[in-house]
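Following: one structure in structure tokens, then a few remarks.
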Amino acid sequence: MAIGLIALFLVYNFIYKNNVDLKGKRSAYIYIRTGAGYDEVLDTLYKRKIIINHLSFEQVAQKKKYPSLIHAGRYKITAGMSNNQLINELRSGEQDPIKITFNNIRKKEELAGKLGEKLEPDSLQILNAFNNETLLDKYGFNRENVLAMFVPNTYEMNWNTSPADFMARMAKEYKLFWNDDRKAKAKALDMTQTQVVILASIVEKETQAESDKPIIAGVYINRLKRDIPLEADPTLVWAANDFTIKRVLNVHKQIESPYNTYKHKGLPPGPIDIPSVSSIDAVLNYDKNNYLYFCASPDLSGTSCFAKNMTEHAANARKYQNALNKLKIYK
């Protein structure tokens, strides 16, 4: 009888006794890479020195058939977990999702880099997906305009989300964003959804003043309708690939690039950033005005001065340039 009780006690301890020590922390995360085998999982756990009794863990793992039920992912574990709790967590496949937020992204390489810091795939694997013409064609995009597919927001997803699955998720979010109302407004503008995003990306970089966004969108739409080059300074900054530029000069206007909207009429081939929702909606709900020009306000408040003709614009531009000169901002 005593021997039986002792055996039961040992079995109970093996299965249900605390076997996770997080060195004073309440919780931690375990990352199991895609394709990892049982030995690699053990190596991950033991290197972290969080398993108190290795033998009991492995015996319970074998009993619960965990070696054949390994799921890749990110799992949250808590201090004081038993072997039973830990193994149930790991073999469930129910990951603790991560939150991914992206905004103010200028280039796809930058987005790939940010995602590579959060997800299991590295930045090169993600960038390859952004450049995969077959995959992009599936969603109606290409290498130049792929950023138009991504709506800035905070998203929850699993750590081991593949590049292809990430693209599928973004395509789903894109469809949700482009509801019937937004699609109808784009159609009324005689613009595709991608063209709206491209214009919104320029508006985004022209101002941080939300009240000015619809007015600036109206200026650019007026220029498009009249077949006048957009002459948008942010496109020159993008073409120069120098985002430290604070003052666009004549030399920048000579850059040979399809993104040079001083040399080329119409919209550039892709967005110059991932625009905010407010910038996209500013284009869709643009201010119907008669302005053809604008420049930053000389008070450097972040707002703009608008003009209907070149004479008015030249006067506004001189005041702004003088303000920059006083601050010794020459480039």
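Subtracting the Cα-Cα distance of LYS138 and THR44 from their residue separation scaled by 0.36 nm leaves 30.0 nm. Cα-Cα over 25 Å: which of LYS17/LYS64; LYS107/LYS328; LYS183/LYS253? Pairs exceeding the cut-off: LYS107/LYS328; LYS183/LYS253. With K and R counted +1 and D and E -1, the other residues having a Cβ less than 11 Å from that of ARG223 yield a net charge of +1. Accessible surface ranking for ARG106, ARG74, 1.4 angstrom probe, highest first: ARG106, ARG74. Taking a sphere under 13 Å around the Cβ of ASN128 and counting the other residues whose Cβ falls inside, with K and R at +1 and D and E at -1, yields a net charge of -1.
Sorted from longest to shortest, the spans of the Cα atoms of segment 232-331 along the three principal axes equal 35, 32, 24 Å.
Rounded to the nearest 0.05, what FRET efficiency is calculated for HIS54 and MET157 with R0 set to 41 Å and r the Cβ-Cβ distance? Taking R0 as 41 Å, the efficiency between HIS54 and MET157 is 0.80.
Using 0.36 nm per residue and subtracting the Cα-Cα separation, the extra length available between HIS71 and ASN250 on full extension is 58.7 nm.
If R0 is taken as 45 Å, the Cβ-Cβ distance between LYS288 and LYS23 corresponds to a FRET efficiency of 0.10. The accessible area of ARG169, taken with all protein chains in place and a 1.4 Å probe, comes to roughly 70 Å².
For ALA79, what charge total do you get from the other residues with a beta carbon under 12 Å from its beta carbon, if Lys and Arg give +1 and Asp and Glu give -1?
With Lys, Arg at +1 and Asp, Glu at -1, the net is +3.
Please report the spacing between the Cα centers of segment 99-113 and segment 240-315 in Å, no decimals. First find each Cα centre; the distance between them is then 22 Å.
Taking the helices alone, the chain has a mean residue ellipticity at 222 nm of -14000 deg cm²/dmol, built from -39,500 (n - 2.57) per DSSP H run of at least 4 residues and averaged over all its residues. Normalising the Debye intensity of segment 23-163 to I(0), with uniform scatterers on Cα atoms only, and taking log10 at q = 0.10, 0.11, 0.14 Å⁻¹ returns -0.45, -0.53, -0.74.
What's the whole-number percent of alpha carbon pairs in segment 15-84 lying beyond 19 angstrom?
The share of Cα pairs beyond 19 Å in segment 15-84 comes to 28 percent.
Between ALA209 and LYS308, the modelled labels are 2.0 nm apart [label points 7 Å from Cα along Cα→Cβ]. In percent, rounded to a whole number, the relative contact order of the chain is 15, using alpha-carbon pairs under 8 Å and six or more apart. Across the chain, the volume of the C-alpha convex hull divided among the residues equals 180 Å³ per residue.
Here THR44 sits with roughly 40 square angstrom of accessible surface, probe radius 1.4 Å.
Which of rounded, prolate, oblate describes segment 130-190, given a ≥ b ≥ c as roots of the alpha-carbon gyration tensor eigenvalues and a/c under 1.5 marking rounded, otherwise prolate only if a/b is larger than b/c? In terms of gyration-tensor shape, oblate. Across SER211, SER201, the residue with the most accessible area heads the list, and the full order at a 1.4 Å probe is SER211, SER201.
The values are calculated or read from the model by the stated rules, or taken from the named source; none is laboratory data. Quick caveat, the model's predicted, so the values are computed rather than measured. Neighbour counts are summed over all protein chains in view; Cβ atoms, including those assigned to glycine, are modelled from backbone coordinates with ideal geometry. These accessible areas exclude ligands, DNA and RNA; they are computed on the full protein's heavy atoms, side chains included. Shrake-Rupley method; radii C 1.70, N 1.55, O 1.52, S 1.80 Å.
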